Amino acid sequence: MHDRKPALVTGGAGFLGSFLCERLLKDGHDVICVDNYFTGSRDNIHHLLDHPRFELIRHDVTFPLYLEVDEIYNLACPASPVHYQYDPVQTVKTNVHGAINMLGLAKRTGARIFQASTSEVYGDPAVHPQTEDYRGSVNPTGPRACYDEGKRCAETLFFDYHRQYGVDIRVARIFNTYGPRMHPNDGRVVSNFIVQALRNEPITIFGDGSQTRSFCYVDDLIEGFVRLMAAPDDVTGPVNLGNPGEFEVRQLAEMVVDMTGSRSPIVYKPLPVDDPTRRRPDITRASQQLGWQPTVPLHEGLGKTIAYFDQKLSSTVVDMQWPAGRVREPVLSIMGNGSYMLRGAMGVDGARRPT
Ligand code: NAD
Ligand code: UDP
């Protein structure tokens, strides 16, 4: 038990980061949350602001940060394809410069450092389910590459800092995770379908909906983070963290319509370029090394997430805009080349980078 240990969470005002901050405070840590609010929001951590062991810093991880910490969780990075393709160069910088800055901080302070990597390092996988020793099939020049290759380079940096400087690293490869506090306009499939269903608007399936994903509820994932961080010194990862239950996107749409009692029709839109056809984690390593496996089935997790969005959408003021306060009527389009485009996404001051 690491009692009252200062832990830094980058991306702490995001979906996963906010749950992690909450969990670390509950476990007795002092927590420093760093975020530039690109996709996160103060709303996500509003309930923590008065906590005596919680501190918040507005900062972009592409710039160096000097703090004294014992643990670092590096989560800063937009995770939704819509968000990370909005400013792909900044996505690469966040992944690469952000990793270098946080690894430098870990090297100086001797902190253990966790990297939120992703199943996207496997690209459109030829091996199924995906094991950690599969090296992946990523298109290095496509619209997803800023994220996929950025995360792959971050993993490289983590392992090089470990080999070269002895930095104590933990690398988790996270598979699709969902839950309350996802941004309603985030563009990811679970939040999209739930928001569309609750509003009786068309459910947008990309492609024919036969592509698969494995959906992990946020509480299960955070438990995996904490276990990985507390594991013995030789457990560096990479470790897959995800729920091995595999569903077609079409099945997910049907479940959401059914569970919300929605009148939404299902509409089919073009499949984005390089959209992986199937994805499912092999979690043998997490189970053996961390004694971890998810416990929340999709139906149960969806129920909690639907209840959250139902409450959020029916409350008087809902900020559906992304980036917050800067977008006029953002509309997601898939371009002819299959990349995403947010029409109207230019900031009111013309700034491309909402930091
Ligand atoms: P999110 O977009 O809700 O959170 C990301 C947070 O990082 C936001 O608060 C954002 O403002 C912040 N951020 C972005 N760029 C930053 C920068 N340059 N400096 C400081 N802060 C910055 O996404 P999430 O789902 O919470 O994802 C968190 C992490 O987990 C990301 O690294 C993501 O790649 C990884 N991950 C998530 C999933 C998932 O399914 N949720 C899957 C795989 C990997
Ligand atoms: N998707 C969809 N409709 C949507 C949003 C996403 O059919 O409104 C599909 C998307 O094409 C992908 C899957 O759902 O096949 C998961 O997409 P998401 O953006 O959540 O994450 P990804 O796993 O692609 O990073």
By its C-alpha gyration tensor, with a ≥ b ≥ c as the square roots of the eigenvalues, how is the range 34-92 shaped: rounded for a/c under 1.5, else prolate for a/b larger than b/c, else oblate? oblate
What does the extension gain come out to for Q293 and T236, with contour length at 0.36 nm per residue minus their alpha carbon separation? 18.7 nm
Let a ≥ b ≥ c be the square roots of the eigenvalues of the Cα gyration tensor of the chain; is it rounded (a/c under 1.5), or, if not, prolate (a/b larger than b/c) or oblate? rounded
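For the chain, what's the relative contact order in percent, using C-alpha pairs closer than 8 Å and at least 6 residues apart?
Relative contact order comes out at 17 percent.
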In the range 71-195, if the dipole is taken from +1 on Lys/Arg beta carbons and -1 on Asp/Glu beta carbons about the Cα centre, which of S191, V127, T91 is farthest to the positive end? T91
When the dipole is taken about the Cα centre of the range 145-256, and only Lys, Arg (+1) and Asp, Glu (-1) are charged at their Cβ, what size is it in debye, to the nearest 20? 180
Can you pull the accessible area of M259 for me, 1.4 Å probe, Å² to the nearest 10? 60
Quick one: order E149, E300 from most to least accessible surface, probe 1.4 Å. E300, E149
Of the listed peptides 50-63, 71-84, what is their order by residue-averaged count of other C-beta atoms within 10 Å, with the highest listed first? 71-84, 50-63
For the chain, with only Lys/Arg (+1) and Asp/Glu (-1) charged at the beta-carbon, what is the dipole magnitude about the Cα centre, in debye rounded to 20? 500
Setting aside same-chain residues fewer than 8 positions from K93, which lysines have a Cα under 23 Å from its Cα? K107, K151
From the Cα gyration tensor of the range 1-109, with a ≥ b ≥ c the square roots of its eigenvalues, which class applies: rounded if a/c is under 1.5, or else prolate if a/b is larger than b/c, or else oblate? oblate
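The values are calculated or read from the model by the stated rules, or taken from the named source; none is laboratory data. Note that the structure is a prediction, hence the values are computed from the model and not measured. Reconstructed Cβ throughout: ideal geometry from the backbone, glycine too, with neighbour counts over all protein chains shown. Please note that ligands, DNA and RNA were not included when accessible areas were found on the heavy atoms of the full protein model with its side chains. Shrake-Rupley method; radii C 1.70, N 1.55, O 1.52, S 1.80 Å.
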